[in-house]
Every structure is written in C-alpha cells, then in structure tokens.
Amino acid sequence: MVHNGIIENYQQLKNELQAEGRVFATETDTEIIVHLVTHYLERGLGPVAATATALKRLEGAFALTLIFTDDPDLMIGARRGTPLAVGYGNGEMYLASDAFALAPLTSHLCYLEDGDWVEVRREGAVIHDETDAVVDRPVRLTAVSGALIGKEGYRHFMLKEIYEQPQVIGDTLSAFIHPSTGHISLPELPFDLAGTPRITIVACGTAYYAGLVGKYWLEQIARIPVEIDIASEFRYREAPLPAGGVALFISQSGETLDTLEALRYCKRQGQHILAIVNAPESTIAREADAVLYTLAGPEIGVASTKAFTTQLTTLACLAVALGRSRNVISQEREAALALALREVPARAVEVLNHDKRLRDLAHEVAEARDVLYLGRGACYPLALEGALKLKEISYIHAEGYAAGELKHGPIALVDESVPVIVLVPSDSLFEKIVSNVQEVCARSGKVLLIADAKGVDRLKDRVRWSVELPTVDPFVAPILYAIPVQLLAYHTAVLKGTDVDQPRNLAKSVTVE
C-alpha cells in the first residue's frame, strides 16, 4: 500500500482493532489502513467491498493505493482532499499524484474528484464517488511531456531550474505584454477585478512570500487594499470578507491542501476566486473562477526557484494591469513599468554570470550555524525567501527580517560568526537600509551585500563581501534579487553534501495539513 496524508481517527481505529487481537508493528497511521481492510477481508468481503467499507471509517485528508496478493491485477485508489490521478496506457494503467509523475508513461489522465475511489485493472478503471455509485470522470490529454523532465547535463534539477529562469520569465511576460504596444493586459475575467474593495491573498511557503511582494506592488501601483495570510492560519480564523471581494490563491502545484481549503472557505463567503498556479490541470485551477498561469514548466526540485520568479512576474503584471484599469497610473507609467519588466530576462542572464562568485562565497556560509537575511520594502519578503531556501536544502538555521526590525531583537544575534546577507536595491528605502548595514558592521557582523553599483560603491569599505547586480527599476528588483539567494543556497547545500533536489522531510506538493 502507498499512502499520502493523515488518518485523523487512527488511534480510535487502532484501539478498536487491538481489542480484537490485531498486532501492530509500527506507530504510523498508514498501518491502520492495511489492518482495517484486512479486518473486512477476514469477514468474507472481497477486496473491492472490503476497501469500500474501510474507506467509510477513515477520517482525514489522504490519497492511497492498495494492491492485493489474491488479485494481483487489481489496484484500488482513493482520494479525500489529496490529489490522485488515473493514467491510461496501452494495455496498462497507472495511479499517481499528478501529471508530472506520469509524464514519462502516458499523456491520458483522469483526475479523481474529492471523495472518489477507483478500481484499476490492466484493461481500464471503474470510478466510484463517495456514495460508491459508479461515475464517469473525463479523461484529459495532458500537456506535460516526459521529455521536459530531465537534468540536461546539470548536476541537480534545482540548478537547471535556476538557469531556466530567464527563459520562463520571458515566457510568462509574453502572456501578458503585447509585443508591439507594450500594453499589459489580463485574460478576460468573469468578475470586476478593478472594482473590488479588497484583494485577499492566501498561500503557503515560497508562494506566500511571492504574495507578500505582490501586496507591496498591488497597494503601491494599483492602490487597492490587500490582506495576505498563510493558508493554514487563514482557513481557521474565520476571517470576515467584504462583499464583492477577490481572493487570490498562489500555488506552484495547485494541490496545496491548506490553500485549497482556504479557497473553498472564500467561495462559501461569496468571494470571487482568482488563482496563480503552474499546473493547468490542478485542483485549484479547476475550482477557481479564473486563473493566471505561470509558464515555468515542470519544476522537479522541491525548493521552488523558477516557479517563484514566474509567480512574481505574474503578480507584477497583475499590479500594472490593475493600476491602469483603475486609472491610478498613467499610460506613460504603464509603459515604463512594462519596459522594466521586458528587460528582466536579459538582466537575469547577467545575474547568473555571478554564479562562480556566489559559489565561492558559499564556502563562508557553509561554515555557519546561523545566518541572517535583511531587506526592506519589497525585498523584505526576499529576505524571508532567502532564509527559507537556505534552511530547506542546506539545513543551516537561517532567519529573514525586515531590516528596520534589527534593533528590536535580532541585532543581539550579530557577531563575527553570523553571516548577514543584505539585499539593497537602489530604491526609496536605500538610505534606511544603508544605516542598518552600518549597524551590523559596527558590531563586527560579517555582511554579504547583494546590491547594484550604487550600493556596492557606497558600502564596499564596510562590508566583508559583495555581489553587484544590474541596476534596474526598483519595481522589478525583487524578481532579480531572488536569483542570487537561490544560487547561494544551492552551492551551500552542495558543499554540505545534502540531497539538494529531495531535502529531508520535505515534499514538492504539500497535500496534507
């Protein structure tokens, strides 16, 4: 059996089965499923009936697949909250979590709906809904190709995906920016986005940090109130939402369970649902009223890189388009922002030219037990994201802070053993963060400065190390400043000898609470 998810009433079921004499070998909730199905098999039910009966006893969010020694041609799959897809091959059938897993095997997929379970045999599949009634679900031809999922000579998927960013950012921009006029437009939406009283952004992990940057952009450029929350908190705090409000959900996989459940809450509250996802066939894409797709292509590395920067790119286009439709920015300002965005792919190539420099600096970071990241404004979420990347794949403790909060506690951590990575674009907050850098240096802090020419020139005599990025419009700086923190985390992890693409305890798509 294969199980992804949580059986919430597993202890209750375990106590019941132990009282009947069943002996458990592990403390996992997965084992209860096997024992429960076996319990019904021993009472004379066949595999299908035993599984159907057991499923009614399970509480929680899960996807599972069972095979049976007495009927080796039979697989039974079930989903509740967590995705499961049926793959149709030539005389063979598959079960998997998503299209990427099945891409090398088949392009014909059927996505089970919540509560469905399926009998799979070599010749086909019979799908049941949660009442056990046989139902038809559409078989789709997926656009995901197995040919796209390869390292292409790179040591890790993560490094390949970092280097794909100029291309995929350009691809995403082409979906929003007219090539001749430079006008930024959104696809036709089934609701009035410009007239909404508030946008509520909900996401998890890296996508949440993309949403934080989006909050800055939407409020500053489109002049629209934005609330943002972590999905796992939002879905339980029973937030009051305004009539006519728009809820924006961001997810690479489109299957993040907390985000999906938050979406359903917002639907019940009468919100219009807009999603930013990288997987057109995902549950969030199917349940949203409208979708803005990031054209990142398959992202295999668990630590998100190109999906993050294409999420930022999509949010930037959304902010500009919304600002223009609300008449809060001029046509000239729109053109200037669109031009800044169109330059990002070329500037991203320039950032990647610092790969060797960042690889050298990774030797310094790899020796640390703790690392701090600082940023202000729209680069504050980049400090959070940089710290997350380092934690995810190198297992070094790292924290990101708003630089203005330095004196409210974090400065106590600063000494010569703690690298402090500071993101300093030339924007309206430049002088403020220069003061923060000087505070760190005055306490013997080892500063790695990531800045443009102005920042490096101003602080080169104070900081320990620096990386000079291209000078760009501050509006697009967060997209570019994401790349060096990704590379730094990657090279640090390689030096530490960790599993970069599959870091311990993490999954690419978090489909449980």
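The values are calculated or read from the model by the stated rules, or taken from the named source; none is laboratory data. Note that the structure is a prediction, hence the values are computed from the model and not measured. Positions of Cβ are generated from backbone atoms using ideal geometry, with glycine treated the same way; all protein chains shown enter the neighbour counts. In case anyone asks, the SASA skips ligands and DNA or RNA and just uses the protein heavy atoms, side chains included. Shrake-Rupley method; radii C 1.70, N 1.55, O 1.52, S 1.80 Å.
Take Ser97 and tell me if it is surrounded by 17 or more Cβ atoms within 10 Å (Cβ to Cβ), farther than 27 Å from Glu261 by Cα and not aliphatic (A, V, I, L, M).
no
Got at least one residue in region 5-12 being open to solvent by 40 Å² or more (accessible area, probe 1.4 Å), in contact (Cβ under 8 Å) with a residue 12 or more places away in the chain and part of a strand (DSSP E or B)? Give the steps one after another, and end with the answer.
Taking region 5-12 and keeping what is open to solvent by 40 Å² or more (accessible area, probe 1.4 Å), we get 6, 8, 10-12.
From what is left, the residues that are in contact (Cβ under 8 Å) with a residue 12 or more places away in the chain are 6, 8, 10.
Subsequent filtering for residues that are part of a strand (DSSP E or B) retains 6.
Yes; the residues of region 5-12 include at least one that is open to solvent by 40 Å² or more (accessible area, probe 1.4 Å), in contact (Cβ under 8 Å) with a residue 12 or more places away in the chain and part of a strand (DSSP E or B).
Taking His108 as meeting all but one of (1) under 34 Å from the mean Cα position of the chain (by Cα); (2) open to solvent by 40 Å² or more (accessible area, probe 1.4 Å); (3) touching a residue at least 40 places away in the same chain (Cβ under 8 Å), write down the number of the exception.
Evaluating His108 over (1) under 34 Å from the mean Cα position of the chain (by Cα); (2) open to solvent by 40 Å² or more (accessible area, probe 1.4 Å); (3) touching a residue at least 40 places away in the same chain (Cβ under 8 Å) leaves (3) as the failure.
In region 207-221, which residue that is of a type outside the set (Ser, Thr, Tyr) and surrounded by fewer than 23 Cβ atoms within 10 Å (Cβ to Cβ) is farthest from Ser325 (Cα to Cα)?
Of the residues in region 207-221, the ones of a type outside the set (Ser, Thr, Tyr) are 207, 210-215, 217-221.
Keeping just the survivors that are surrounded by fewer than 23 Cβ atoms within 10 Å (Cβ to Cβ) gives 212, 215, 219-220.
Values: Leu212: 22, Lys215: 17, Glu219: 14, Gln220: 14 Å.
The selected residue is Leu212.
Starting from region 301-327, keep only residues that are closer than 30 Å to Ile393 by Cβ, then list their pairs with residues that are basic (Lys, Arg) and open to solvent by 10 Å² or more (accessible area, probe 1.4 Å) whose Cβ atoms are within a distance under 7 Å, requiring at least 6 positions of separation or different chains.
Val302/Lys508
Need the failing condition index for Ala147 against (1) modelled with pLDDT of 80 or more; (2) surrounded by fewer than 13 Cβ atoms within 10 Å (Cβ to Cβ); (3) small (Gly, Ala, Ser); (4) not in a loop (DSSP other than H, G, I, E, B), just the number.
(1)
Considering only region 479-513, state which residues are at pLDDT below 95 and of a type in the set (A, V, I, L, M, F, W, C).
Val500, Leu506, Ala507, Val510, Val512
Consider only pairs whose beta carbons are under 7 Å apart and that are at least six residues apart or on different chains; among these, list those whose first residue lies in region 426-445 and is without any contact (Cβ under 8 Å) to a residue 60 or more places away in the chain and over 21 Å from Asp415 (Cα atoms) and whose second residue is surrounded by 17 or more Cβ atoms within 10 Å (Cβ to Cβ) and aliphatic (A, V, I, L, M).
Matching pairs, first to second residue: Asp427/Ala477; Phe430/Val424.
Yes/no matrix, rows are residues, columns are (1) over 21 Å from Ala336 (Cα atoms); (2) in a strand (DSSP E or B); (3) charged (D, E, K, R):
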residue: Glu152; (1), (2), (3): yes, no, yes
residue: Arg155; (1), (2), (3): yes, no, yes
residue: Pro166; (1), (2), (3): no, no, no
residue: Leu193; (1), (2), (3): yes, no, no
residue: Thr200; (1), (2), (3): yes, yes, no
residue: Thr206; (1), (2), (3): yes, no, no
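Any residue that is open to solvent by 10 Å² or more (accessible area, probe 1.4 Å) and in a helix (DSSP H, G or I) - is there at least one of those in region 364-376?
Within region 364-376, one or more residues are open to solvent by 10 Å² or more (accessible area, probe 1.4 Å) and in a helix (DSSP H, G or I).
Taking Tyr380 and the conditions (1) of a type in the set (Ser, Thr, Tyr); (2) within 30 Å of Phe176 (Cα to Cα); (3) surrounded by fewer than 24 Cβ atoms within 10 Å (Cβ to Cβ), which numbered condition does it fall short on, given that it satisfies the others?
(3)
Scan Ala78, Ala49, Ala61 and give me the residue that is open to solvent by 10 Å² or more (accessible area, probe 1.4 Å), of a type in the set (A, V, I, L, M) and assigned to a strand (DSSP E or B). Let's see the steps before the verdict.
Working: Ala78 fails: open to solvent by 10 Å² or more (accessible area, probe 1.4 Å); Ala49 fails: assigned to a strand (DSSP E or B).
Within the list Ala78, Ala49, Ala61, the selection yields Ala61.
Give the residue, chosen from Val437, Val447, that is open to solvent by less than 30 Å² (accessible area, probe 1.4 Å), part of a helix (DSSP H, G or I) and within 28 Å of Tyr395 (Cα to Cα).
Values: Val447 fails: part of a helix (DSSP H, G or I).
None of the others qualify; the one that does is Val437.
Mind listing whichever residues of region 56-105 are acidic (Asp, Glu) and free of Cβ contacts under 8 Å to residues at least 60 places away in the same chain?
Matches in region 56-105: Glu59, Asp70, Asp71, Asp73, Glu92.
In this structure, does Asp171 turn out to be more than 20 Å from His3 (Cα to Cα), in contact (Cβ under 8 Å) with a residue 60 or more places away in the chain and not in a helix (DSSP H, G or I)?
In short, no.
Taking only pairs six or more apart or across chains, which ones have beta-carbon atoms under 6 Å, a first residue in region 353-378 that is more than 30 Å from Leu218 (Cβ to Cβ), and a second residue that is assigned to a helix (DSSP H, G or I) and open to solvent by 20 Å² or more (accessible area, probe 1.4 Å)?
Taking only residues 6 or more apart or on different chains, the pairs are Ala362/Leu495; Ala366/Leu495; Ala366/Lys496.
Condition check ((1) touching a helix residue (DSSP H, G or I) at 6+ places or on another chain (Cβ under 8 Å); (2) not hydrophobic (A, V, I, L, M, F, W, C)) across all residues:
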{"site": "His3", "(1), (2)": "yes, yes"}
{"site": "Leu17", "(1), (2)": "yes, no"}
{"site": "Glu20", "(1), (2)": "yes, yes"}
{"site": "Leu74", "(1), (2)": "yes, no"}
{"site": "Thr82", "(1), (2)": "yes, yes"}
{"site": "Gly87", "(1), (2)": "yes, yes"}
{"site": "Ala96", "(1), (2)": "yes, no"}
{"site": "Asp116", "(1), (2)": "no, yes"}
